[in-house]
Each structure stands twice: as C-alpha cells, then as structure tokens.
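J.: Below are the structure tokens for one structure; questions will follow.
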C-alpha cells in the first residue's frame, strides 16, 4: 500500500508539473560523494525529484564529506545523502551534537533540514582477510593492540575524521602507523597481501567477495550511521513537491537491498544510474529517466568540458603571466617578489589548490579554472622573464641607437627575440593544465577526470583509459599545435639558431 501511494503521489505531482510547463520546473541540484553507495543514493534521490517535477542536476562524486557539506552550505547543491554518525562525529564534532532532535536543531540553525532515515545503517568497521584473522585469532578491535606489526591501510578521509583514526587509535590504544589510500585500493591491498587491516563500510559488497572478517567494535567506538538525506531549508519553498517526494523514500531501502545494489555496481559492472533506475522502477514504481550515455557521447562531453577548462585557464594565464614576466624583467626588485609568489603557488599541491578555491567560487568549472590559472603562471612568468633578460646587450643598444621608444623596443625587438622562451613557457603550462584539469572532476568540473575517477573507484581499467588516453592524446596535440604556432610567431632566424 505504501509503495502504491508513493507511486500515485509521484505520478500526480509529475502531471501537475507538466501542466505548468517546463519553464516552471524548479531547479534541484543533487550531490554525491566519491564512493559507490553515495552515487546510487543520489541517483535514487535525483530520479524521485525528477518524477516530482524537478529540473534535476546530479553533481556526482564531489570528493569527501567536507567538500559536499560546504557546497550545501553555500547553496551550490540542494540535497545529498549523508549518515547520522558522520553528522554527529565529523560535521558537528565540536558541538557535542547527539541524537536526531539535536541534529535537526543544529542543521536548522544553518538553514538545512534532516530528511527521514532511508532504512539502513552503514557504519565504519575494521576488517582483515579471514585466513589472516583466523591464523592470529583476531575477532575484536581491542586485540589489534597486541599486534603492532600489522600493516594498516586506511582511507585518506578516515585518517583525519573526528570519528576516524585519531579517536579510534586513542580509544583502543592502537600502536600501528597506517598509510592513507583510496577506499577501493585498500581491498586490492588486502587481496595482494600488502595490507593486513583496512577500514570498511558495513554495506560494502566487497566484504563477502574478498572474504573479509569484520572485527567487533567491542568498545562501541563508532556511533550509528543511519543513511539520511540532508537538504537546504529553502528547497521546501522552491520545490515543495520534490521535498514531499524525497520524504517518501524514508524507510524504503534496507541493508540487504543496499548491499545488493552496491554489488551490482562493484562486482557486476553495472552503472550507478542503471542500478538506481532499477530500484526506482521495481521498488517505487517510478521511472527514473535519463538513461546512461554511450561511450562516444561521454567522450564528446568530457572532451568539451576538458577543452573548456584548459582553453579558458590557459588564455587567462597567458594574459596575466606575460605582462608579469615583462614587469619582472624590467623591474628587478619587483621581479624577485613576482617570481617568488608565482613559485609558491606552483608548490601548492594541485588538489589542495582546488579545494582551497571552493569557499571563494563554489564547486564546478569556475573554481577549477581559477586554480588552473594560478597553477599555470610560473612557467610563463619565468620564461618571459628569462627570455627578456637573456637578450644580448649589443642588440639592446642597437634598438636604443635607432631611437625607438621603450614601447616600440619591447614590441618590435625584445618580445620577438624572447618569443622562443615565452612560447616554451606557454607550452609547458598547457601540458601541465591538461593533466591537472583531470582533478577538476573531484569538484564537479567534469572533463577527462570523470571516467578516470570512476575507473579507479570501480577498478575498471576500461573506464580509466576512457579518460587517461584522451588526456594523453590532448597533451600530444598541444605539443603539435605549439610546434605549428612557433613557425608563425617566432622569427625564422631564431628558429634556426635559438639563443642559449
């Protein structure tokens, strides 16, 4: 009866939305973290919202908890799947928030709402290969204290979370020094015998597949991690039908169903969207819509997004860096500061630079472009500076003897002479951009990083190559393009005998 009532309500809401015309559809941005279960739940929420008349966009695999949480606070996204334990121990770790009432109050103070429990819990756990745990007689986390030589591999987020390794280590007095890695890689480490203990999600299909023993949390360190949806309070006014439909998902997904859906993605090779659409159709009598794109369609979309990221960021970087390089060459004291600042920017890890930009520009392409611009400055600034400073003094004196103004000397003599060096710097930045732009997928910027991240997450070499091969091809194309550009920009004499 509950299934039929939800389906009837959704159909009615969908017909009502259609009667008002597409232009009146409220825009709803659903987000997900970069792991399989989050993507499946987000696709289910997106399908329900779409059936309720929403103009839905799914910003997929946006990285870790804080990235998605901050995007929700900023209003870049409207709703995403979360877990109560994560909210209590990670998001509100400093506020001593416990229990649903306290969570609702804490979220309301930030303009957010806590949706109903979806019907299952996905808690953290530690696990080992069954044969290794049996050989050592390990069944409880507290027993790990007596095994300091065990090799721990923990996900990077777990290493820093308030409910993760620091508090777990202190609670159990664990002496091990873990290494950080991606969640999916940890299972392969266990299978290869290079790791002994990893952190798990209790609904992972990999637990049974890899024959992993889940160690008992005998000190009850981990709280409950009930799956929920969290959305912005203003969504209730902008899209009340969508919010009503999202509430209807409450209690509809139990743990066996979630494990089965995870298994269809991780072990059977289905896409998260296809699995979610199957659940919507079979369990909620809702057509999810928006079928999966083919390989060619994905390649075209990813190429378009990647070219936009690289082209815009490189164009802006050139427009900023060449004048800065000229200024550095003409004003030596100021030049030291310019080269120093651009050098510092280059030393910041590209992923960190992307994340730092999120509070300023939000998620998506604008943030990625700004980060790529900053990351591209140094090679162009340095080569422009070096090219101008490396011009032989007799040539400078000849230009001065001709009575040319400083501007004319720069445009007609110095820049042409420095053009091989300047072009080499731009070429270096272009190639760096092609590779670095793949990380933009972590903040919703799209591009070739999307299939690369998915391929890593699903251990699918084919998907990984769908991003890696075009990215490599684009880098080679950039090299060829700049070779042709050199013939048109660099004076022929300098091409034949480049300055040393």
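J.: May I ask you to verify whether residue 380 is surrounded by 15 or more Cβ atoms within 10 Å (Cβ to Cβ) and modelled with pLDDT of 85 or more?
T.: In short, yes.
J.: Check the stretch 351-359 and report whether any residue there is modelled with pLDDT under 90 and at positive phi.
T.: No, the stretch 351-359 contains no residue that is modelled with pLDDT under 90 and at positive phi.
J.: Got at least one residue in the stretch 214-234 being assigned to a helix (DSSP H, G or I), touching a residue at least 12 places away in the same chain (Cβ under 8 Å) and either buried (at least 21 other Cβ atoms within 10 Å of the Cβ) or touching a helix residue (DSSP H, G or I) at 6+ places or on another chain (Cβ under 8 Å) (or both)?
T.: Within the stretch 214-234 (the criterion being assigned to a helix (DSSP H, G or I), touching a residue at least 12 places away in the same chain (Cβ under 8 Å) and either buried (at least 21 other Cβ atoms within 10 Å of the Cβ) or touching a helix residue (DSSP H, G or I) at 6+ places or on another chain (Cβ under 8 Å) (or both)), the answer is no, since none of the residues qualifies.
J.: Could you run through the stretch 71-93 and say how many residues are within 18 Å of residue 163 (Cβ to Cβ) and either free of Cβ contacts under 8 Å to residues at least 12 places away in the same chain or part of a helix (DSSP H, G or I) (or both)?
T.: Residues meeting the conditions: 8.
J.: Filter the stretch 6-36 for residues that are farther than 22 Å from residue 73 by Cα and either in the same structural domain as residue 363 (by TED's automatic domain parsing) or crowded, with 24+ Cβ neighbours inside 10 Å (or both); which is modelled with the highest pLDDT?
T.: Within the stretch 6-36, the match that is modelled with the highest pLDDT is 36.
J.: Of these, 116, 166, which one is more than 30 Å from residue 460 (Cβ to Cβ), at pLDDT below 95 and touching a strand residue (DSSP E or B) at 6+ places or on another chain (Cβ under 9 Å)?
T.: Testing whether each residue is more than 30 Å from residue 460 (Cβ to Cβ), at pLDDT below 95 and touching a strand residue (DSSP E or B) at 6+ places or on another chain (Cβ under 9 Å) leaves just 116.
J.: Test residue 337 against the criterion of being out of contact with any strand residue (DSSP E or B) (no Cβ under 7 Å at 6 or more places or on another chain) and surrounded by fewer than 21 Cβ atoms within 10 Å (Cβ to Cβ), and give yes or no.
T.: Considered against the rule, which asks whether it is out of contact with any strand residue (DSSP E or B) (no Cβ under 7 Å at 6 or more places or on another chain) and surrounded by fewer than 21 Cβ atoms within 10 Å (Cβ to Cβ), residue 337 comes out as yes.
A quick yes/no check of all residues on (1) assigned by TED's automatic domain parsing to the domain that holds residue 478; (2) closer than 22 Å to residue 115 by Cβ; (3) loosely packed, with under 14 Cβ neighbours inside 10 Å:
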| position | (1), (2), (3) |
| --- | --- |
| 238 | no, yes, no |
| 242 | no, yes, no |
| 246 | no, yes, no |
| 249 | no, yes, no |
| 261 | no, yes, no |
| 264 | no, no, no |
| 309 | yes, no, no |
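J.: Got at least one residue in the stretch 416-431 being under 17 Å from residue 296 (Cα atoms), without any contact (Cβ under 8 Å) to a residue 40 or more places away in the chain and either under 13 Å from the mean Cα position of the chain (by Cα) or part of a helix (DSSP H, G or I) (or both)?
T.: Looking for residues that are under 17 Å from residue 296 (Cα atoms), without any contact (Cβ under 8 Å) to a residue 40 or more places away in the chain and either under 13 Å from the mean Cα position of the chain (by Cα) or part of a helix (DSSP H, G or I) (or both), one finds none in the stretch 416-431, hence no.
J.: Need at least 3 residues that are loosely packed, with under 14 Cβ neighbours inside 10 Å and at pLDDT below 90 per element, so show me which helices (runs of 4 or more DSSP H) inside the stretch 438-500 make the cut, counting only ones lying wholly within it.
T.: Once the helices (runs of 4 or more DSSP H) in the stretch 438-500 are filtered for at least 3 residues that are loosely packed, with under 14 Cβ neighbours inside 10 Å and at pLDDT below 90, what remains is 461-489, 492-496.
J.: On to the next question. In the stretch 432-450, how many are over 11 Å from the mean Cα position of the chain (by Cα) and closer than 15 Å to residue 33 by Cα?
T.: 0
J.: Is it the case, given these coordinates, that residue 147 is in the same structural domain as residue 247 (by TED's automatic domain parsing), under 22 Å from residue 171 (Cβ atoms) and over 24 Å from the mean Cα position of the chain (by Cα)?
T.: Spelling it out, it is not the case that residue 147 is in the same structural domain as residue 247 (by TED's automatic domain parsing), under 22 Å from residue 171 (Cβ atoms) and over 24 Å from the mean Cα position of the chain (by Cα).
J.: Considering the stretch 103-113 alone, what residues qualify as being in a helix (DSSP H, G or I) and either in contact with a strand residue (DSSP E or B) (Cβ under 7 Å, 6 or more places away or on another chain) or in contact (Cβ under 8 Å) with a residue 12 or more places away in the chain (or both)?
T.: The answer is 103, 104, 106, 107, 108.
J.: Looking at this structure, is residue 127 at positive phi, at pLDDT 95 or above and under 30 Å from the mean Cα position of the chain (by Cα)?
T.: No.
J.: Let me ask you something else. Identify all residues within the stretch 398-418 that are buried (at least 19 other Cβ atoms within 10 Å of the Cβ) and under 18 Å from residue 320 (Cα atoms); write none if there are none.
T.: 418
J.: Quick check on residue 384: is it within 19 Å of residue 308 (Cβ to Cβ), in contact (Cβ under 8 Å) with a residue 12 or more places away in the chain, assigned to a helix (DSSP H, G or I) and out of contact with any strand residue (DSSP E or B) (no Cβ under 7 Å at 6 or more places or on another chain)?
T.: No: the conditions fail for residue 384.
J.: Confirm whether residue 280 is surrounded by 15 or more Cβ atoms within 10 Å (Cβ to Cβ), in contact (Cβ under 8 Å) with a residue 40 or more places away in the chain and either over 23 Å from the mean Cα position of the chain (by Cα) or not in a loop (DSSP other than H, G, I, E, B) (or both).
T.: yes
J.: Is it the case that residue 190 is surrounded by 15 or more Cβ atoms within 10 Å (Cβ to Cβ) and assigned to a loop (DSSP other than H, G, I, E, B)?
T.: So residue 190 does not fit the description; no.
J.: Within the stretch 49-70, can you find the residues that are crowded, with 24+ Cβ neighbours inside 10 Å, part of a helix (DSSP H, G or I) and touching a strand residue (DSSP E or B) at 6+ places or on another chain (Cβ under 9 Å)?
T.: Listed by number, the residues that qualify are 49, 50, 68.
J.: For the stretch 284-300, enumerate the residues that are assigned to a helix (DSSP H, G or I) and at pLDDT below 90.
T.: 295, 296, 297, 298
The values are calculated or read from the model by the stated rules, or taken from the named source; none is laboratory data. Note that the structure is a prediction, hence the values are computed from the model and not measured. Neighbour counts are summed over all protein chains in view; Cβ atoms, including those assigned to glycine, are modelled from backbone coordinates with ideal geometry.
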